[in-house]
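The values are calculated or read from the model by the stated rules, or taken from the named source; none is laboratory data. It should be emphasised that the depicted structure is a prediction, and the values quoted were computed from it without experimental measurement. FYI the Cβ positions are ideal-geometry reconstructions off the backbone, even for glycines, and counts take in every protein chain you see. Keep in mind that these areas ignore ligands, DNA and RNA; they rest on the heavy atoms of the full protein, side chains included. Shrake-Rupley method; radii C 1.70, N 1.55, O 1.52, S 1.80 Å.
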Amino acid sequence: MKKQTYLLLLLLLPAMAVSAGYNQSYYKAMDGKRERELKAAAKQCVQKHTMLEYYELPNYWQYSDVYPELYSGSKRWWDMYSDAIYLIRAGQSGKSSFSANKMQREHSVPKSWWKQAGSVEYTPAYSDMWNLYPSDGAANQAKLNYPLGPVQSASYNNGVTKVGTTRSGFGGGSAYVFEPGDEYKGDFARAFFYMATVYDDINWVINYMFQKNDYPTLRDWAFNMLLDWARQDPVSQKEIDRNNVVEQYQGNRNPFVDFPELAEYIWGTRTSETFYLSEQEGSDPTPPITGDPEITQPVNGESLDFGQIAVGGTITRVLQIVGNNLTEPLSVRIVASGSNRGVFTAETTSIPAATMNQNQGYLLNITYHPEAIGTHEAKVTLYDGGIDASIAVTLKGEALERPEMGVLTAFEPTDLTDNGYTAHWSEAPGIADYYLITRVRTIDGNEESDSYETGETYYTFTDRDPAVAETYYVSYSRLGIMSETSNSIYIAPGSGINDIPQERPLRILLLEGGFMVRCEGERRGLQIADFSGCTVAAPESVEDGEVIMLPSGAYVVTAPGMRPVKVMVK
């Protein structure tokens with residue numbers, strides 16, 4: 001973590017002591033425990049959380065992973081993998097900025113290291129914000145799925161991220177490692193401590209650093225190195241601010257940020273000692289009220305624009321409310337008239353004063369769900385809380401007719417070398433908000449899938465391994481709707497290229513209480529499993545238009561030649 005003292009995320013507020021914003025009882029289960037039992041108690045405290053959508057993460061990161069100071073009048077992504085300057089310009093959402101900057105969603109603990117029900121996507125770790133960060137694309141591609149470790153001889157070095165051969169005694173069997181910059185080594189160490197605590201029972205299929213057991217979960221060389229990194233780079237304000245923001249979205253905290261010595265009690269120099277909350281730094285999380293109640297953001301009269309969306313669709317934007325010293329709950333009310341009634345909804349009508357004061361603010365989710373074509377407008381009003389006057393923010397959105405989506409054609413790549421290639425595809429038949437290219441590689445018997453957003457009809461990869469076969473296919477988005485995927489282009493080891501002819505893919509359409517199957521002709525091999533991996537249905541065959549009803553819950557649907565599909569049945 002960078003050692004400067006930073007103020008509240010996104011804003012320049014008057015200097016004040018910033019404390020961890022957790023509820024006093026949040027970590028109660030950890031009190032009086034030590035070593036193995038302490039680790040289990042920490043898991044109990046923080047394991048339960050909301051599973052966020054992977055592709056929506058940049059919209060959360062625009063509040064948790066940006067520098068507090070503006071750069072040339074714009075917010076700047078805080079990228080722990082490079083010193084590149086990536087801006088969120090006026091009018092851009094987190095996702096649109098990500099696409100424009102060609103940034104990537106990076107798992108600090110590589111997703112290829114675990115599997116559940118034959119897939120990585122449907123494990124909560126896949127989209128856990130404590131394991132994912134915004135990343136420079138080139139650095140992400142260079143680090144691949146290598147473990148953390150000190151680099152002996154670098155093959156890639158951008159001044160922050162180093163990738164290369166490992167020093168003796170490190171790497172866990174991997175010849176190559178990824179070494180973050182010194183200012184971020186503690187950040188990554190605490191991310192790995194969290195993962196080893198919350199996901200100790202995950203199916204670790206690559207064991208460079210982790211092993212499947214309740215204790216210690218991290219291999220000896222790994223936790224010893226991570227402890228050293230955490231000591232050298234202690235918790236600072238960036239992590240504290242991020243901890244508070246992530247809790248608001250995901251519903252859990254990183255205990256290794258709240259308690260800098262916790263890792264020592266579990267793996268390090270204090271394993272023989274008992275952990276008492278009252279003895280820990282920051283054990284009193286509630287800051288005192290030291291001034292008049294105030295809301296410094298938003299300001300009265302500003303607006304929140306939801307942009308365009310297809311009629312019947314849903315989009316959520318965040319209104320950042322910053323304030324302190326509130327003496328009573330802050331009330332939230334949506335005011336609309338006529339056809340605008342019910343189009344905008346806020347996640348809550350009241351924000352507790354303690355929540356505002358502890359976190360110095362709140363991220364309010366507001367949803368836009370238009371049922372009719374046209375422009376819509378409403379106001380969200382903030383009042384009570386002890387503030388002198390109410391604050392009104394205008395909400396705006398436009399609903400358009402649902403677009404007719406076509407299917408793209410993927411073309412053979414150009415500039416194919418041992419190190420990379422440029423993928424190409426046809427232009428969308430109409431407007432495309434962005435293209436999504438999915439790249440699938442088989443490494444050490446494990447299939448790795450990554451998707452990248454772009455505004456162009458091409459994408460250049462610079463991390464090709466000529467010994468590894470891979471494929472790519474593309475789709476596009478318009479008004480929140482994704483097209484069907486294109487044909488797949490197969491790149492054989494060496495320099496071979498083949499276009500895989502595919503039948504029209506099997507699709508799953510959600511219905512109330514189940515889903516409908518859309519396909520050409522009869523399809524066999526369909527399987528439906530719950531999130532624990534247990535098969536709940538496996539029909540001998542299905543036909544186009546067939547409806548499958550299921551109890552409410554979360555499922556994963558698979559079939560030969562089809563990517564796994566997550567289904568939420570209500």
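Observations, loosely collected:
- Ranked by the mean number of other Cβ atoms within 10 Å of their residues, highest first, the peptides 449-455, 548-554 fall in the order 449-455, 548-554.
- Rg(Cα)/(2.2 N^0.38 Å) for the chain, N = residue count: 1.00
- Rounded, prolate or oblate (a/c below 1.5 giving rounded, otherwise prolate when a/b exceeds b/c) for region 67-175 by Cα gyration tensor: oblate
- Spherically averaged projected area of the convex hull of Cα atoms, region 127-208: 5.7 nm².
- Using the Cβ-Cβ distance between S25 and T50 with R0 = 25 Å, the FRET efficiency computed as 1/(1 + (r/R0)^6) comes to roughly 0.80.
- Think of a 1.4 Å ball rolled over the protein heavy atoms: the chain then has 43 Å² of accessible area per residue.
- Multiplying the residue separation of L509 and A372 by 0.36 nm and subtracting their alpha-carbon distance yields 47.1 nm.
- Packing, as the average of other Cβ atoms within 10 Å across residues, places the peptides 218-231, 179-192 in the order 179-192, 218-231, highest first.
- Here the spin labels are modelled as points 7 Å beyond Cα on the Cα-Cβ line, and at S303 and K570 they lie 3.0 nm apart.
- Zone residues, region 350-378, relative to L400, backbone N less than 12 Å from point 7 Å out along Cα-to-Cβ: 374
- Remark: spin-label model distance L144-E540 equals 4.6 nm, labels positioned 7 Å along the Cα→Cβ axis.
- For the pair E37 and E279, a Förster radius of 22 Å applied to the C-beta separation gives a FRET efficiency near 0.85, rounded to the nearest 0.05.
- For a modelled paramagnetic label at S168, 7 Å from Cα along Cα-to-Cβ, the residues of region 118-155 in reach, with backbone nitrogen under 16 Å, are 150-153.
- Paramagnetic label zone (point 7 Å from Cα along Cα-to-C-beta, D415; backbone N under 17 Å) in region 123-152: 137-139, 141-142
- Residue separation of A154 and E69 scaled by 0.36 nm, minus their Cα-Cα distance, works out to 27.4 nm of gained length.
- Shape category assigned to region 166-205 from the gyration tensor of Cα positions, a/c cut at 1.5: oblate
- Ordering of 76-89, 384-397 by burial proxy (mean other Cβ atoms within 10 Å per residue, highest first): 76-89, 384-397
- Where only alpha carbons of region 307-436 are counted, the Rg and the Dmax (Å): 21.6, 66
- Among the GluC sites (Glu not before Pro) in region 47-142, those placed in a DSSP loop whose Cβ has at most 15 other Cβ atoms within 10 Å are E53, E69.
- Nearest-0.05 FRET efficiency for T422 and E328, computed from C-beta distance (R0 41 Å): 0.10
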